[in-house]
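A short reminder: the numbers here are calculations on the coordinates, not readings from a lab. Keep in mind that this is a model prediction, so the values were computed, not measured. Counting neighbours? That spans all protein chains shown, and the Cβs are built from the backbone with ideal geometry, glycine included.
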Amino acid sequence: MNDLPQQIGCLIRKQRSDKKNSQEKLALLCNIDLSYGDRIERGEVNITVIKLSEIASVLTVSPKDLMP
């Protein structure tokens, strides 16, 4: 099993928490459903590079910071 989505999700969750953002706020700012955002953080979905870039932009980090 590929654990890359789980690693990315963990990094997204860490960056979100470090910036004191809730899952709800991140989902709203990224224009995604809350449940989809939760599934991203748990590594249950493979997100696109575009969505990763959008999340990074909202978190004010580089997409590289969300990659293991």
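Residues in segment 24-36 that are in contact with a helix residue (DSSP H, G or I) (Cβ under 8 Å, 6 or more places away or on another chain) and within 12 Å of L59 (Cβ to Cβ): 3 in all. Here is a check on your reading of the model: is T48 hydroxyl-bearing (S, T, Y) and on the phi > 0 side of the Ramachandran plot? Judged against the criteria, T48 is not a match.
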